[in-house]
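Nothing in this text is a laboratory measurement; each read-out follows from the coordinates by a stated rule. Values in this document were obtained by computation on a predicted structure and should not be read as measured data. Cβ sites come from the backbone with ideal geometry, for glycine too, and all protein chains shown count toward neighbours.
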């Protein structure tokens, strides 16, 4: 990725700055967002075409090792409703469903081809796979976990605040956001300079997922990764916490 890709402090400037003439206003979930010309290419990215033409080279045919390693460490599997946004061909969603047999796992993606291929590959009683938009799904505090791997890095960085707010809206108190973030996506001809995927910085993640709502439970560079992604990922686990009581209201 080139330095010009918005991330870190650049993200904060973009998100808080005044819109210019190149901006357009769009509705994303419960938000109205100003998009720049630089965002439009990603918004129109042909996910369906990449899966249909089998050129989705980010798909490694298996669940991301950072997630499976973390799942193996848990003594108590989660229950309740779990969502895997941007699940693609369903590898991560399937791994979660197998590790948490008493949970209701829903994998969603914008690509019908990816979802149909996922259904053909994975048939588990507690796994459901649907074509859907993560930002448009209804629900309030109905999820016990959100599993993130390939959605956050695929949306324009300006929409990350919407991703965070959607997670805050959907998660129950005590619910987990389990995320494998891309810190430094590999710059190859398969990963265009203007994204996706877009990388993240640790300062950006610290600022975005504020501790008042998302209590950090774990942060580490995974020991295992797909070839070529070593030291380029960050595993973070957040727990949604209830806001502290307002002392003025208690008096």
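In plain terms, the chain from residue 207 to residue 131 could stretch by 24.3 nm, reckoned as 0.36 nm per residue minus the Cα-Cα distance. Packing, as the average of other Cβ atoms within 10 Å across residues, places the peptides 176-184, 214-222 in the order 176-184, 214-222, highest first.
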